[in-house]
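**Q** For reference, the structure I am asking about is given below.
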Amino acid sequence: MKLPAAAKSLKIIAVIAIGSGMIFSAGLVLTVAAAESDLNLEQILDRMETQYTNNSFKAEFAQESTLKAMDISDFANGKIFVRYPGMMRWEYEKPDKQIIITDAKKLWIYRPDDNQVMTGSAPAFFSDGKGASFLSDIKLVRQKFKISLEPSKDNFFYELKLQPIEKTLDVNDIRLSVTKKTFTVIRIITYNSYGDENRIELINHRFNADLDDKLFSFDIPPGVDVLQIEE
């Protein structure tokens, strides 16, 4: 079901507050080997930091955003490009074209169908590790959240619960599913204080990807409406 106009703007924030289970299509199988022995929380975080720090990657994502008060959900998918530290590019392909870019300092949200660009400060927008910004600097997980290791339903993933050290309305808690074999984050579920849920799942990761600098910058097209995001 498509979101009404009033809720669509909320989705822009939910998209990144993306802070985001994947909807696996028929025939899609996620193959991952279970770890030989389970690790404690500190060991898991150490290995996640080894995987993501000083690295770049690209992947595909699927997202489900649910607004509890309106009892509606919206689905989207696309590609993500990440470079340490702090640089991200989310290319939404369906249902509407949308690009979210940050070079760690500036933020651009471009919606070509609406002829609109929203721009602002990336550090202000992604404060407290929200917006899945920890994917571009995994050390934010330790710095910004209280972390607990939750029971897992299977032998393939570790389940982490993140609660912001500084309480916000945007993020109540975040759940991460991390593969036991490669310590890759494949699921991000974000809940806010209103009970809304944003689920993102990532597949087809390619680490050590050679990503062009142009992916993390944006030249505003002439004639588009430019809106400033309040800090």
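**Q** Among the listed residues N155, N172, N192, N198, identify the single one that is of a type in the set (S, T, N, Q) and within 24 Å of R83 (Cα to Cα). Don't jump to the end; show me each part of the working.
**A** Working: N155 fails: within 24 Å of R83 (Cα to Cα); N172 fails: within 24 Å of R83 (Cα to Cα); N192 fails: within 24 Å of R83 (Cα to Cα).
The conditions single out N198.
**Q** Out of the residues in the stretch 208-217 meeting the condition of being out of contact with any Phe, Trp or Tyr (no Cβ under 7 Å at 6 or more places or on another chain) and surrounded by 12 or more Cβ atoms within 10 Å (Cβ to Cβ), tell me which one is nearest to E64 (Cα to Cα).
**A** Step one: list which residues in the stretch 208-217 are out of contact with any Phe, Trp or Tyr (no Cβ under 7 Å at 6 or more places or on another chain), which gives 208, 210, 212-214, 216-217.
So of that shortlist, the ones also surrounded by 12 or more Cβ atoms within 10 Å (Cβ to Cβ) come out as 216-217.
On the way: F216: 25, S217: 27 Å.
This residue is F216.
**Q** Right, next: In the set V141, V171, V178, which member is buried (at least 19 other Cβ atoms within 10 Å of the Cβ) and either of a type in the set (F, W, Y) or part of a strand (DSSP E or B) (or both)?
**A** Values: V141 fails: either of a type in the set (F, W, Y) or part of a strand (DSSP E or B) (or both); V171 fails: either of a type in the set (F, W, Y) or part of a strand (DSSP E or B) (or both).
None of the others qualify; the one that does is V178.
**Q** Filter the stretch 188-207 down to the residues that are surrounded by fewer than 20 Cβ atoms within 10 Å (Cβ to Cβ), assigned to a loop (DSSP other than H, G, I, E, B) and either in contact with a Lys or Arg (Cβ under 7 Å, 6 or more places away or on another chain) or modelled with pLDDT of 95 or more (or both) and list them by number.
**A** Hits for the stretch 188-207 are Y194, G195.
**Q** May I ask you to verify whether V117 is more than 18 Å from the chain's Cα centre (by Cα) and among the β-branched types (V, I, T)? Spell out the reasoning first.
**A** On the way: more than 18 Å from the chain's Cα centre (by Cα): yes; among the β-branched types (V, I, T): yes.
The answer is yes for V117.
**Q** Can you tell me which residue within the stretch 62-78, out of those that are of a type in the set (G, A, S) and touching a strand residue (DSSP E or B) at 6+ places or on another chain (Cβ under 9 Å), is surrounded by the most Cβ atoms within 10 Å (Cβ to Cβ)?
**A** Step one: list which residues in the stretch 62-78 are of a type in the set (G, A, S), which gives 62, 65, 69, 73, 76, 78.
Okay, now just the ones that are also touching a strand residue (DSSP E or B) at 6+ places or on another chain (Cβ under 9 Å), so 62, 65, 73, 76, 78.
Values: A62: 20, S65: 26, S73: 14, A76: 21, G78: 18.
Per the stated criteria, the residue is S65.
**Q** Let me ask another. Looking at the stretch 131-148, is at least one residue within 20 Å of V185 (Cβ to Cβ), polar (S, T, N, Q) and more than 16 Å from the chain's Cα centre (by Cα)?
**A** So in the stretch 131-148, the residues within 20 Å of V185 (Cβ to Cβ) come out as 131-148.
Going one step further and asking which of them are polar (S, T, N, Q), we end up with 133, 136, 143, 148.
Next, only the ones that are more than 16 Å from the chain's Cα centre (by Cα) stay: 143, 148.
Looking for residues that are within 20 Å of V185 (Cβ to Cβ), polar (S, T, N, Q) and more than 16 Å from the chain's Cα centre (by Cα), one finds at least one in the stretch 131-148, hence yes.
The values are calculated or read from the model by the stated rules, or taken from the named source; none is laboratory data. Quick caveat: nothing in here was measured; it's all calculated off a predicted structure. FYI the Cβ positions are ideal-geometry reconstructions off the backbone, even for glycines, and counts take in every protein chain you see.
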